[in-house]
Amino acid sequence: DGGITQSPKYLFRKEGQNVTLSCEQNLNHDAMYWYRQDPGQGLRLIYYSQIVNDFQKGDIAEGYSVSREKKESFPLTVTSAQKNPTAFYLCASTPTSGGYTDTQYFGPGTRLTVL
Amino acid sequence: GEDVEQSLFLSVREGDSSVINCTYTDSSSTYLYWYKQEPGAGLQLLTYIFSNMDMKQDQRLTVLLNKKDKHLSLRIADTQTGDSAIYFCAESIGGATNKLIFGTGTLLAVQP
């Protein structure tokens, strides 16, 4: 089955540690996105990538880093510089890198808790 | 800047119709979307509407768009307990990428 997978589903880390969240898609989509979701707020865009080896900052990129070495993979690293990392993180992808008709498809999410 | 607002909570009885409302600010929005999120899960696309349309119907779902007032609504007919979830509206803000601005989400609680 085609889709987007995120792992792990739940992640715990100690304050001051970096942690990497996985996002993989087998939909052959060009563009991939990372969002953060906090209670009572909508999704906020962290980073996005339209093509392999290229990515752009979203609205809240500080304290995060990404890479896009393969089309199907877009891992997100939450660094110790992120001041409030506890949140639900969602990965999404779209078939092409531009155009208004592209719909974003979401993975199941990873819930990160900093202890 | 762009902003999308929704009411936080809606409670209905099973079998009734639900109407979830959304207002947005970016008049250049071309597509508007409705997503559903069940507890602990990702977002599932329900439907979308192009900005030159007033209405779109898909089975139990009806989307109404008032572009003049920048108001979007989602009507769910014959609401079922399985419809209980958080519903997000989102607008496509244009440009070279399909960036979406999401509302805060509306929690729909369906009472049996």
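In peptide A:43-56, how many Cβ atoms from other protein chains are near each Cβ within 10 Å, on average?
Details: counts 11, 2, 5, 0, 0, 3, 1, 3, 0, 0, 0, 0, 0, 3.
Mean shielding by partner chains, rounded to a whole number: 2.
Ignoring ligands, DNA and RNA, what accessible area per residue does the protein assembly as shown give at 1.4 Å, in Å²? Write out the running numbers ahead of the final one.
Numbers: 10700 Å² over 227 residues.
Dividing the accessible area of the protein assembly as shown by its residue count gives 47 Å².
For the protein assembly as shown, what is the largest minus smallest coordinate of the Cα atoms on each principal axis, given in angstrom and ordered from greatest to least?
48, 38, 38
Counting only other chains, what is the mean number of Cβ atoms within 10 angstrom of the Cβ of each residue in peptide B:14-22?
Details: counts 0, 0, 0, 0, 0, 0, 0, 0, 0.
The per-residue average across the peptide is 0.
Given A:Lys70/B:Lys67; A:Lys71/B:Lys36; B:Lys36/B:Lys67, which pairs have Cα atoms separated by over 32 Å? Could the numbers behind the result be given before it?
Numbers: A:Lys70/B:Lys67 40 Å; A:Lys71/B:Lys36 27 Å; B:Lys36/B:Lys67 22 Å.
Over 32 Å Cα-Cα: A:Lys70/B:Lys67.
What percent does the relative contact order of segment A:4-115 come to when contacts are Cα pairs within less than 8 Å and at least six residues apart? Could the numbers behind the result be given before it?
Details: 291 pairs, mean separation 40.2, N = 112.
Taking the mean separation of contacting Cα pairs over the length of segment A:4-115, I get 36 percent.
Could you please put B:Ser84, B:Ser18 in sequence from largest to smallest accessible area, using a 1.4 Å probe? Each step should come with its number before you reach the end.
Numbers: B:Ser84 40, B:Ser18 0 Å².
From most exposed to least exposed: B:Ser84, B:Ser18.
Carbon and sulfur: what percent of chain B's accessible surface (1.4 Å probe)? It would help to have the intermediate numbers written out before the result.
Numbers: 2560 of 5200 Å².
On chain B, the fraction of accessible area on carbon and sulfur atoms equals 49 percent.
Please give every one of the aspartates and glutamates within straight-line cross-link reach of B:Lys68, meaning a C-alpha to C-alpha distance under 18 Å, and leave out same-chain neighbours fewer than 8 residues apart.
B:Glu2, B:Asp3, B:Glu5, B:Asp26, B:Asp54, B:Glu91
Enter the Cα centre distance for the pair segment B:22-70 and segment A:64-97, rounded to the nearest angstrom.
26
Counting only protein heavy atoms and a 1.4 Å probe, tell me what percentage of segment A:1-58's accessible area is made up of carbon and sulfur. Please list the in-between numbers first.
Details: 1470 of 3120 Å².
Percent of accessible area from carbon and sulfur atoms in segment A:1-58: 47.
Enter the mean number of other protein chain beta carbons within 10 Å of the beta carbon of each residue in A:12-25, as an integer.
On the way: counts 0, 0, 0, 0, 0, 0, 0, 0, 0, 0, 0, 0, 0, 0.
Average neighbour count from other chains, rounded to a whole number: 0.
At the nearest 100 Å², what buried accessible area, both sides summed, do you get for B and A when the probe is 1.4 Å? Present the calculation step by step, with values, prior to reporting the outcome.
On the way: alone 6160 and 6450 Å², together 10700 Å².
Between B and A, the summed buried area is about 1900 Å².
Report the percentage of all Cα-Cα pairs in segment B:8-70 whose separation exceeds 18 Å, rounded to a whole percent. Kindly include the intermediate steps, with their values, before the conclusion.
Numbers: 887 of 1953 pairs.
The calculated P(r) of segment B:8-70 puts 45 percent of pairs beyond 18 Å.
With springs only between Cα atoms under 10 Å, which of B:Gly40, B:Gly82, B:Gly15 fluctuates most in a Gaussian network model of chain B?
For chain B, modelled as a Gaussian network with Cα springs under 10 Å, the answer is B:Gly40.
Using the Cα atoms as the points, what is the convex hull volume per residue of chain A in Å³?
Values: hull volume 11.5 nm³, N = 115.
With only Cα atoms used, chain A gives 100 Å³ per residue.
Go through segment A:27-88 and name the GluC sites (Glu not before Pro) that are in a DSSP coil and have 12 or fewer other Cβ atoms within 10 Å of their Cβ.
Details: sites: A:Glu62, A:Glu69, A:Glu72; in loops: A:Glu62, A:Glu69, A:Glu72.
For GluC sites (Glu not before Pro) across segment A:27-88 that sit outside H, G, I, E and B with at most 12 neighbouring Cβ atoms in 10 Å, the list reads A:Glu62, A:Glu69.
What distance in nm separates the simple spin-label points at A:Glu15 and B:His71, each placed 7 Å from Cα in the Cβ direction?
4.7
Kindly report, to the nearest 10 Å², the accessible surface of B:Met55 as traced by a 1.4 Å probe over protein heavy atoms only.
100
The values are calculated or read from the model by the stated rules, or taken from the named source; none is laboratory data. Owing to the predicted nature of the structure, the values given are computational and were not obtained by experimental measurement. Note: ideal-geometry Cβ built from the backbone for every residue, glycine included; neighbour counts use all protein chains shown. Quick note on the areas: whole protein, heavy atoms, side chains included, nothing else; ligands and nucleic acids left out. Shrake-Rupley method; radii C 1.70, N 1.55, O 1.52, S 1.80 Å.
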